Amino acid sequence: MNAPNAPNAATLPKNASIYVAGHRGMVGSAIVRRLQAEGYTRIIARTHAELDLIDQRAVGEFFRSEKIDAVFLAAAKVGGIHANNTYRADFIYENLMVECNVLHAAFRSGVKRLLFLGSSCIYPRNCPQPMREEYLLTGPLEPTNEPYAVAKIAGIKLCESYNRQHGTRYRSVMPTNLYGPGDNFDLENSHVLPAMLRKFHLAKLARQGDWEGIRRDEERFGPIPGDVRAALPGVRLWGTGAARREFLHVDDMAAACVFVMQLSDEQYAHACARAGASHLNVGCGRDHTIRELAEMIRAAVRFDGDVAWDSSRPGGMPRKLLDVSRLAGLGWRPQVDLADGIGRAYEWYRSRVAL
C-alpha cells in the first residue's frame, strides 16, 4: 500500500498517452527521460517545425488528431536578464500564445490532466523570503522580467480557471532557477549559471592560448559578445554578486513534475489548500550568493585567473528562494547536490564543444 503522501502511478497510468510540449528543451527533454525511466512508453512529441505552438489552428488540429491523456507543458520562451529586458514583447506574446493555445486545445479535446510549468519570477520583487505560494500577486514584479512573469502568472490562472469552470485537473508547478544538460549557453540570452560557466571556460582557454578551442566554442554555442571577449583572459560578471539565488538540477525538476502528476486529486488539492494557492513551488530550499556560485563554477572549471564584477549591470531581484515545504510535505526531495550538478553540467557542455 502507498504511504499517505506517496504519489499513485494509477493517476498517470503507464499506458497513458502523454504529450510533452517542448521536448527538445532542457526541461522537456529531462521530463521525457524521467517518464521513460519510469516505464512510460506512449510519449508524443513534436518539433517546432512539425508543430508551431503559436499557431492556434495547428495546435487545435494536433489535439484533435491525437489521442492524448495527459500533457506536460514545458514549452516556453526563456532567457536571462538581458534577454528578458531586451525582447519584452517577444517574451510576453510568445509565452501567452503557447499556454493559451495548448490549454484550450487540450480542454476542447477532452484532456483532463495537464501540468503547467511556471517560474519563480512570478513572485514580487521584494517578496518575503523564502517565497511561499500565497505571496503571488501581493506586490510589484521585478521590472527586468515583468512581461515574462505576467505571462507565467496568466498560465497559472488559466489552469485554475479551467479547473473551476470546467472540472479539468490542470496543475501548476513553479520551479526555481534550473540548470543541467540541454541548457542554453548563448551569452546574449542565457541564464546566470550557464552564462558564468561558459565565461569561465572561455577565460581558461584564453589563459592557455587555446584560440582554436575558443573558435570551436563560438561555432557551437554562438557569438562571444564584445565585453566578454575584452575581459579575456579574465572574467567579468554582472552586478555585485550579492544577489542570492536557488538552483535546482533539471533532472530533479523532471522527477518533481512526474511526482506531481502522479498525485491523486485529493493530495494535490490538499497541498494547494495548505499553500493558499493553486500551484506548488519546486526547489531545493537553499540559496547562494552569485559570488558563491561563481566560486563553485571557478572550482569546477579549474580557472585561476582574475574575476571582476560590473556593478553598472543589473543583478535582478535581490533574493529568490522558494518555500518548498508543501511539496516536501508530500514526500518529494531533490537528489542532486549543487557542486556535483555544476560539475556534471560542465562536462555536458564540454562534450558538446567536442562534437
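Since every read-out is calculated from the coordinates, none of them should be taken as a lab result. These numbers were taken from a predicted model, which means no experiment stands behind them. Because the Cβ atoms are built from the backbone with ideal geometry, glycine has one as well, and the counts that use them run over all protein chains shown.
Give the distance, in whole Å, between the Cα centre of the stretch 290-355 and the Cα centre of the stretch 75-128.
23 Å
When the Kirkwood radius is taken over all Cα pairs of the stretch 293-355, what Stokes-Einstein diffusion coefficient follows at 4 °C and 1.567 mPa s, in µm²/s?
The diffusion coefficient I find is 86 µm²/s.
Report, in whole Å, the centroid distance computed from the Cα atoms of the stretch 139-157 and the stretch 40-59.
So the two Cα centres are separated by 25 Å.
Jot down the radius of gyration and Dmax of the stretch 75-126, Cα atoms only, both in angstrom.
Radius of gyration, then largest Cα-Cα span, for the stretch 75-126: 13.4, 40 Å.
How high is the relative contact order of the chain, in percent, counting Cα pairs under 8 Å that sit 6 or more residues apart?
21 percent
Taking every eigenvalue of the Cα gyration tensor of the stretch 128-224, multiplying by 5 and rooting it, what semi-axes result, largest first, whole Å?
40, 15, 11
Across the chain, how many lysine pairs, 8 or more positions apart or on different chains, have C-alpha atoms separated by under 21 Å? Please give the number.
For the chain, qualifying lysine pairs total 9.
Roughly what % of DSSP beta bridges within the stretch 198-319 run antiparallel, to the nearest 5?
Beta bridges within the stretch 198-319, antiparallel portion: roughly 40 percent.
Strictly greater than 33 Å: what percent of every Cα pair in the chain meets that?
28 percent
Could you list the square roots of 5 times each eigenvalue of the Cα gyration tensor of the stretch 15-95, that is, the equivalent ellipsoid semi-axes, sorted largest first and rounded to whole Å?
Largest first, the stretch 15-95 gives 26, 17, 8 Å.
Using packing as a proxy for protection, rank 338-348, 279-289, 206-216 so that the peptide with the highest average count of other Cβ atoms within 10 Å comes first. Walk me through the intermediate numbers first.
Working: 338-348: 17.5, 279-289: 21.4, 206-216: 13.8.
Final packing ranking: 279-289, 338-348, 206-216.
Where q = 0.16, 0.19, 0.20 Å⁻¹, what log10 of I(q)/I(0) comes from the Debye formula for the stretch 205-266, counting one point per Cα?
Debye curve over Cα of the stretch 205-266, log10 I(q)/I(0) at q = 0.16, 0.19, 0.20 Å⁻¹: -0.78, -0.87, -0.90.
Rg and Dmax of the stretch 1-138, using alpha carbons, in Å: what are they?
Just the Cα atoms of the stretch 1-138 yield Rg and Dmax of 16.8, 52 Å.
Among the DSSP beta bridges whose two residues both lie in the chain, what percent are antiparallel, rounded to the nearest 5?
Bridges in the chain that DSSP calls antiparallel: roughly 10 percent.
Need one number: the % of Cα-Cα pairs in the stretch 214-355 sitting beyond the 25 Å mark.
When all Cα pairs of the stretch 214-355 are counted, 44 percent exceed 25 Å.
Note the angle between two axes, namely the Cα long axis of helix 250-262 and the longest principal axis of the Cα atoms of the chain, as a number of degrees from 0 to 90, rounded to the nearest 10.
Between the helix axis and the principal axis of the chain, the angle is about 10 degrees.
For Cα pairs less than 8 Å apart in space and 6+ apart in sequence, what is the mean separation divided by the residue count of the stretch 19-86, i.e. the relative contact order in percent? Provide the component values of the computation, followed by the final result.
Numbers: 58 pairs, mean separation 30.7, N = 68.
Result for the stretch 19-86 is 45 percent.
Long-range amide H contacts for E246: which residues qualify at under 5 Å (H placed 1.01 Å from N, peptide plane, sequence gap of 5 or more or a different chain)?
Result for E246 returns N177, H288, K320.
Are there any GluC sites (Glu not before Pro) in the stretch 84-148 that are in a DSSP loop and have at most 13 other Cβ atoms within 10 Å? List them by number.
In loop regions of the stretch 84-148 (DSSP not H, G, I, E or B), there are no sparsely surrounded GluC sites (Glu not before Pro).
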